[in-house]
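Below is one structure, written out as structure tokens; the observations come after it.
Read-outs throughout are calculated quantities, based only on the coordinates presented, and are distinct from any laboratory measurement. Computed from a prediction, not measured in an experiment: that's the story for all the values here. Positions of Cβ are generated from backbone atoms using ideal geometry, with glycine treated the same way; all protein chains shown enter the neighbour counts.
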Amino acid sequence: MKNEYHLADGSPRYGHRNEASSAGHAAPAATVRVEDAAEGAARLSLDDMAAAINRRLGSAWADAPDPAVASLRKDHPEELAAARALVKLHLGSQRQWRFRAQAVRDKQLEGVVARRKASGSALEILVMRLGLMAVLIALPAYIVVTDRDNIVKLLVVGALCLAGAFAGGHFLTVRARVPVMPDIRGPWLSELREDIVNATLVSILQNKGDLEPRVVAAGRRGWEGIQAASKAAAAIQS
């Protein structure tokens, strides 16, 4: 894939390159692997994202943009574009990233699903869902066939079916003992993505020259918070 992160020959612009230089000498190895944050973010589940969002929302440093990081992004537009390209290369769009995290969560829950199937509760829940659907469809259909001109009755039945769908769905979810689905909101997820971009930008600039430790810490703070939240979520699930 050709983008701001790759050179014309397809090799990474700022990552590891082991080919010899034009002078016949091996290029020095990069001191920091710029792909680490993006690759790690691609392995996050929805639960990891939710934990990271909660951690970020509760952190004082995230209440306002860090001036050092803002200055770094402003002073290095080319490297920032390369960092964004690398993050997009590994995560795709924000929607694709969310779907990837859903797939990771589904895989993590395979053991729970297997237990439900082995105990027979999964089949029980399926039968109850089908029964609820049949009731919700049959009652309005009966009214339409027998008394379609009674608009008031149709509205009342529709309202009852809607309430029944909510109540029945809630009951079945509780009965199925499905782990709580995280509420991932787009703007908060965008903030996590920018934390990953910042960490990638810092890695790129570290490979090009020295950065002040304070700036490195500020740029990597968001990604390190995501990692800490992910470890905490994994500990809860283990």
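Quick notes on this one:
- Rounded to the nearest 20 debye, the dipole magnitude of segment 33-160 is 340 debye, with +1 charges on Lys and Arg beta carbons, -1 on Asp and Glu beta carbons, and the Cα centre as origin.
- Segment 117-176 shape via C-alpha gyration tensor axes, a/c threshold 1.5: oblate
- On the beta carbon distance between residue 75 and residue 32, with R0 = 22 Å, the FRET formula returns roughly 0.70.
- Computed FRET value (nearest 0.05) for residue 190 with residue 224, which takes r as the C-beta separation and R₀ as 25 Å: 0.85
- Counting all C-alpha pairs of the chain, share separated by more than 30 Å (%): 47
- When +1 charges are put on Lys and Arg Cβ atoms and -1 charges on Asp and Glu Cβ atoms, the dipole computed for the chain relative to its Cα centre reaches about 720 debye.
- Sequence-distant lysines (8 or more away, or on other chains) whose Cα lies within less than 22 Å of residue 88: 2, 74, 208
- Whether segment 101-146 is rounded, prolate or oblate, judged on the alpha carbon gyration tensor where a/c under 1.5 counts as rounded: oblate
- Between residue 99 and residue 139, the modelled label-to-label distance comes to 3.6 nm, taking each label 7 Å out from Cα in the direction of the beta carbon.
- Residue 113/residue 68 FRET efficiency (R0 45 Å; Cβ-Cβ; nearest 0.05): 0.45
- Charge dipole (the chain, unit charges on Cβ, about Cα centre) - positive-most of 184, 76, 162: 162
- Simple rule: put +1 on each Lys or Arg Cβ and -1 on each Asp or Glu Cβ in the chain, find the dipole, and look at 143, 67, 232; the Cα lying farthest toward the positive end is 143.
- Calculated over segment 75-162, the projected area of the Cα convex hull averaged across directions stands at 11.6 nm².
- Each helix, a run of at least 4 DSSP H residues, gives -39500 (n - 2.57); summed and divided by the residues of the chain, these come to -23500 deg cm²/dmol at 222 nm.
- Cleavage-rule hits (trypsin sites (Lys or Arg not before Pro)) in segment 139-238: DSSP loop, at most 12 neighbouring Cβ within 10 angstrom: 148, 177, 185
- Overall form of segment 136-238 per C-alpha gyration tensor (a/c, 1.5; a/b vs b/c): prolate
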